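A.B. asks: First the structure, which I've put down as structure tokens, then a few questions once you've had a look.
Read-outs: derived from the displayed coordinates by stated rules, not from any lab. From a predicted model like this one, the values you see are computed outputs, not experimental measurements. Cβ coordinates were reconstructed from backbone atoms using ideal geometry, including for glycine residues, and neighbour counts include every protein chain displayed.
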Amino acid sequence: MAADLATMTPTPGDPAPAAGPAPAEDGWPEQTRIVRTPIPGPKSLARHAHRKQVLSDGLGTVLPVFVERAGGGILLDADDNHLIDFASGIAVTTVGSSAPAVVRRVREQVAKVTHTCFLVTEYDGYVQVGEILNRLTPGTHAKKTALFSTGAEAVENAVKIARVATHRQAIVTFGHAYHGRTLLTMTMTAKNIPYKDGFGPFAPEIYRAPLAYPYRWPTTAERCATEALAALEDLVVKQIGANNTAAIVIEPIQGEGGFIVPPAAYLTGVADLARAHGIVLIADEVQTGIARTGEMFACEHDGVVPDIIVTAKGLAGGLPLSAVTGRADLMDAVPAGGLGGTFAGNPVACAAALGVFETIEELDLLARARQIEALARPVLEAAADGNGWIGEVRGRGAMLAVEFVVPGTKDPAPDAAAAVMAACHRQGVVTLQCGTYGNVIRLLPPLVMSDELLLDGLAVLTDACKGL
Ligand code: PLZ
């Protein structure tokens, strides 16, 4: 399939994605990196200056270029630069921006019904997305779904459901966690600046256990899983009381916190502890879910079956849609009217989600995510070999990261990460930073990116690492 992806030729007007990742009707931008101006270029800079006058300074931007078209693995900016997209709008355009099946279904839907509010009158798309999520999420038990608009909103609703179902209040989260920017989810988020600083008071009954972070575990990576599980058990059983604990909320691979892959047996240990005490295990798969890691859900890598799974980002190819899918008995514990929202499960966003699932299946994007890892990991590991600035290469599928440290130590080196990012941006490769210490560069390419673009972008990144 890699060859298909690499060699496909856009055929304007072809709506069928069956033969490979066909372009949207207008065609994709040329699938080559082209740098015509400094980045950001003059047109982007002028618009950015205007934006600064109009929009709140509270809105940060990683790379202030104005994008006019996107498709495949390329973002085309106002200055006609073709940028390689290693961000996917933070793990959203997993099937590619404006994927043909998404465009086709959205166009059809938007011309028919834009909105009714599912709380007022019903429509099929909502039910169809629910059916697909109930079927695809791990576990053979009876499941039900509720749809929302953003990741944070879905996480909040998962917590509400767990509290109602258990009649308990305490919520356990982890070090380095990210769950959103609303009052509850920012409280659940670990990092102070920029997410929490000055925004208190925070929500009550949120507790934090240390995350199993093998690279930074205080004793050894080998002891990380056992010791982290012991700390979690101590928090739940001795400090909070298991009978007070409604839910444990965990990202199966931490996203904003630094793409931290848990050690073997850790997630199963968390699941066992939750089950033993009647605590709801909520997997926040907002960043990891929907094919990103080479499985539909990242918890499948560990053989874990959560009670509730939260999805968003990649679910609707860029339209705002999120979901809570869980054990039917939990999902039905909330009385009618307790869940919902004006825009929650919007019909156009649901149509986009159906296009996303269609594309994942037709292009076998789970396999493509694993193939991206097989291509990228050796390149990144070769770059790390002998380069003291790179502490660790990690991740799964098309969710890969490089952690930068001061050579000879494990001290975080955020300046090195920033320098590599800046070099990538200058040369037309859009990368993102993450990590509590800001010292991790993460790669989240759209799964429809060609091998050539992927390798070209990686070459830019690894050259920048050599230049440290
Ligand atoms: N849970 C695991 O990764 C969103 C945040 C970008 P929303 N991550 C990107 C930013 O700085 O605002 C995220 C996540 C996990 C929840 C969320 C929240 O999803 O759709 O941004 O609300």
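A.B. asks: How long is the gain from L55 to L119 if the chain were fully straight, where each residue apart is worth 0.36 nm and the alpha carbon distance is subtracted? Don't skip to the end; give the middle numbers.
C.D. replies: Values: separation 64, 0.36 × 64 = 23.04 nm, distance 3.29 nm.
Length gained between L55 and L119: 19.8 nm.
A.B. asks: For a test of understanding, tell me how many lysine pairs in the chain have Cα atoms under 22 Å apart, given they are 8 or more places apart or on different chains.
C.D. replies: For the chain, the number of qualifying lysine pairs is 11.
A.B. asks: Show the residues, 5+ positions off or on another chain, whose built amide H is closer than 5 Å to the amide H of G72.
C.D. replies: S97
A.B. asks: Once amide H atoms are built 1.01 Å from N in the peptide plane, which residues 5 or more positions from F174, or in another chain, come under 5 Å H to H?
C.D. replies: Close amide H contacts, sequence-distant or interchain: A209.
A.B. asks: Which whole-Hz couplings ³J(HN,Hα) result when phi for each residue of region 266-278 is put into the Karplus expression 6.51 cos²θ - 1.76 cosθ + 1.60, θ = phi - 60°, listed in order with x for Gly and Pro?
C.D. replies: 6, 5, 5, x, 4, 5, 4, 4, 4, 4, 4, 10, x
A.B. asks: How would you classify region 104-363 from its alpha-carbon gyration tensor, with a ≥ b ≥ c the square roots of the eigenvalues: rounded for a/c under 1.5, else prolate if a/b is greater than b/c, otherwise oblate?
C.D. replies: Since a/c reaches 1.5 and a/b is larger than b/c, the shape of region 104-363 is classed as prolate.
A.B. asks: Roughly what would the spin-label model give for R107 and E227, points 7 Å off Cα along C-beta, in nm?
C.D. replies: Those two pseudo-labels are separated by 5.8 nm.
A.B. asks: Using amide H atoms built in the peptide plane, which far-off residues or other-chain residues are under 5 Å from V280 H to H?
C.D. replies: Long-range HN contacts for V280: A247, I248.
A.B. asks: Still on this structure, please answer the following. Kindly write out, for region 68-73 in residue order, the coupling ³J(HN,Hα) from the Karplus curve 6.51 cos²θ - 1.76 cosθ + 1.60 (θ = phi - 60°), rounded to whole Hz, with x marking Gly and Pro.
C.D. replies: 10, 8, 8, x, x, x
A.B. asks: On to the next question. What is the calculated FRET efficiency for F199 to K410, with r their C-beta to C-beta distance and R₀ = 22 Å, to the nearest 0.05?
C.D. replies: 0.15
A.B. asks: Explain nothing, just the number: relative contact order of region 104-363, from Cα pairs under 8 Å at least 6 residues apart, as a whole percent.
C.D. replies: Once divided by the residue count of region 104-363, the mean separation gives 31 percent.
A.B. asks: From the helices alone, meaning DSSP H stretches of at least four residues, give me the mean residue ellipticity at 222 nm for the chain, per-run term -39500 (n - 2.57), in deg cm²/dmol to the nearest 500.
C.D. replies: Mean residue ellipticity, 222 nm, calculated: -11000 deg cm²/dmol.
A.B. asks: Along region 424-441, what does the Karplus equation 6.51 cos²θ - 1.76 cosθ + 1.60 (θ = phi - 60°) give for ³J(HN,Hα), rounded to whole Hz, x for Gly and Pro?
C.D. replies: 4, 4, 4, 9, x, 10, 8, 10, 10, 8, 7, x, 4, 9, x, 10, 10, 9
A.B. asks: Could you give the size of the charge dipole of the chain about its Cα centre, using +1 on the Cβ of each K and R and -1 on the Cβ of each D and E, expressed in debye and rounded to the nearest 20? Mind showing how you got there, number by number?
C.D. replies: Details: 37 positive and 49 negative charges, 195 e Å.
For the chain, the charge dipole is close to 940 debye.
A.B. asks: Less than 14 Å Cβ to Cβ from N192, Lys/Arg counted +1 and Asp/Glu -1: what total charge do the surrounding residues give?
C.D. replies: On the way: positive: R181, K191, K196, R208; negative: D197, E256.
Net local charge, N192 excluded: +2.
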